[in-house]
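Below you'll find the structure, written out as structure tokens, and then a few comments.
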Amino acid sequence: YSYESGENDLSLMKNDTCTIPQKQKDHSQHQHRHHNLWHSPRSRERTTHILRIRKQRKQKAYQIAREFNRSSSDKEWVSTGERLHVLPTPATPASVASFLYHSHTLLDKTKIGLYVSKGPDTKYPFHAQVRHE
């Protein structure tokens, strides 16, 4: 979960899970034992870190969504996504399609429709590839 690594955050947005300790049964003594990982300083620090990363990702998604919803140019919101490392540089049709799919609740549905239906395919090949992803 590192932004310093330079990898884009889109894959992390899709698979945003963390492991939560579960009750485990000790079959030899027929007792329930709790793994008190939440009470250790290290796990609390890790949980805080995970929550901070999620908040940063969410803020980035909101920023790109605002740009997408207000801009008339496709290049503006895509360049914002690249600058924030949510989309790879250069953005690929698959990464743009994935962002549109996974962030649909933040985006103006009419603008999504206009973006993916932009044609003809020969004049707008990138949009056609996004549509087919």
* Could you list, in sequence order, the residues of region 122-133 that are part of a loop (DSSP other than H, G, I, E, B), surrounded by 12 or more Cβ atoms within 10 Å (Cβ to Cβ) and not hydroxyl-bearing (Ser, Thr, Tyr)? -> GLU133
* To do: Answer with yes or no whether ARG66 is at pLDDT 90 or above, closer than 30 Å to HIS127 by Cβ and either exposed (fewer than 12 other Cβ atoms within 10 Å of the Cβ) or of a type outside the set (Ser, Thr, Tyr) (or both).
  => yes
* Pull up region 42-63, narrow it to residues that are open to solvent by 100 Å² or more (accessible area, probe 1.4 Å) and over 17 Å from the mean Cα position of the chain (by Cα), then point me to the one that is farthest from LYS109 (Cα to Cα). => ARG42
* Being open to solvent by 40 Å² or more (accessible area, probe 1.4 Å), in contact with a Leu (Cβ under 7 Å, 6 or more places away or on another chain) and either on the phi < 0 side of the Ramachandran plot or at pLDDT 90 or above (or both), is that true of even one residue in region 77-88? -> no
* Asked: For region 106-121, does any single residue satisfy the condition of being under 15 Å from the mean Cα position of the chain (by Cα) and in a loop (DSSP other than H, G, I, E, B)?
  -> yes
* Say we look at region 93-119 and pick out the residues that are open to solvent by less than 60 Å² (accessible area, probe 1.4 Å) and β-branched (Val, Ile, Thr); which of these is nearest to ILE53 (Cα to Cα)? -> VAL96
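The values are calculated or read from the model by the stated rules, or taken from the named source; none is laboratory data. Here the structure is a predicted model, which is why all the values come from computation and not from measurement. Cβ coordinates were reconstructed from backbone atoms using ideal geometry, including for glycine residues, and neighbour counts include every protein chain displayed. Accessible surface is based on the protein model in full, side chains and every heavy atom, while ligands, DNA and RNA are left aside. Shrake-Rupley method; radii C 1.70, N 1.55, O 1.52, S 1.80 Å.
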